[in-house]
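Notes to accompany the following structure.
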Amino acid sequence: MTMKPGLRDILWMAVGAAVLLAVSLLVLHFRDLPTPSAQLAFKARRVELVERMRLSVAAASEAEKSAVMAITDEDSQLYADQARTATAAVEQGRRELEQLLQSGGSKHENAFLTQFAGAFAEFQRIDKELLDLAVKNTNLKAYSLAFGPAAGVLKEMDAALNRIVAVGGDSASADNLKVMRLAD
């Protein structure tokens, strides 16, 4: 014996199928899980940005050292400009990474980026001060003054004081002893 479904049974099956279809569509619509390829692309982009930033920080550091150690003002200016360019590249990478993490980064990644941003701001402040001084070549100029004209003048003063002591050394008067102590 076969049973024929009635109109009521058909109606219940249609309502059940419609509810199942609606739930399936809702799940698919609100599902926000990225595909594995999208997750891999996101991670690769983050790693690429971080590595680019690391390379730029290293380049900035080397250029800063070269700017400080440069012999001429022109070389110092050239290295300072290279350091500023590399630092600007780090800042650009930081902004790109910030935008990328806003769209899909974790809380920990955002916290690390905030920590990096604070340290990088301090680096930029010190970098600006250092490069401003390096371009002025103050170390080399101070060295050349200290061991150039200043050293010559110091030798002349020492010779003059030695002559005073030598002249006053002939007599042991109280005034001569006072002059010798002051000259020494």
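The values are calculated or read from the model by the stated rules, or taken from the named source; none is laboratory data. Keep in mind that this is a model prediction, so the values were computed, not measured. Quick reminder, even Gly has a Cβ in these numbers, built from the backbone with ideal geometry, and neighbours come from all protein chains shown. Calculation scope for accessible area: heavy atoms of the full protein, side chains included, ligands and nucleic acids excluded. Shrake-Rupley method; radii C 1.70, N 1.55, O 1.52, S 1.80 Å.
For this structure, a couple of remarks:
- Of the listed residues Leu100, Leu130, the order by accessible area with a 1.4 Å probe, largest first, is Leu130, Leu100.
- Multiplying the residue separation of Leu78 and Ala58 by 0.36 nm and removing their Cα-Cα distance gives an extension gain of 5.5 nm.
- Percent RCO, i.e. relative contact order, over the stretch 1-115, from Cα pairs under 8 Å lying at least 6 residues apart: 22 percent
- Estimated from the Cβ-Cβ distance and a Förster radius of 25 angstrom, the FRET efficiency linking Lys155 and Lys178 is about 0.50.
- Taking a straight line from the alpha carbon of Lys136, these aspartates and glutamates sit under 20 Å away, with near neighbours fewer than eight places off in the same chain left out: Glu62, Glu64, Asp73, Glu74, Asp75, Asp81, Asp127.
- In straight-distance terms, cross-link reach from Lys107 covers every one of the lysines whose alpha-carbon lies under 16 Å from its own, apart from those fewer than eight places away in the same chain; here that gives Lys43.
- Partner lysines for Lys178 [C-alpha distance under 27 Å; skip if fewer than 8 residues away on the same chain]: Lys155
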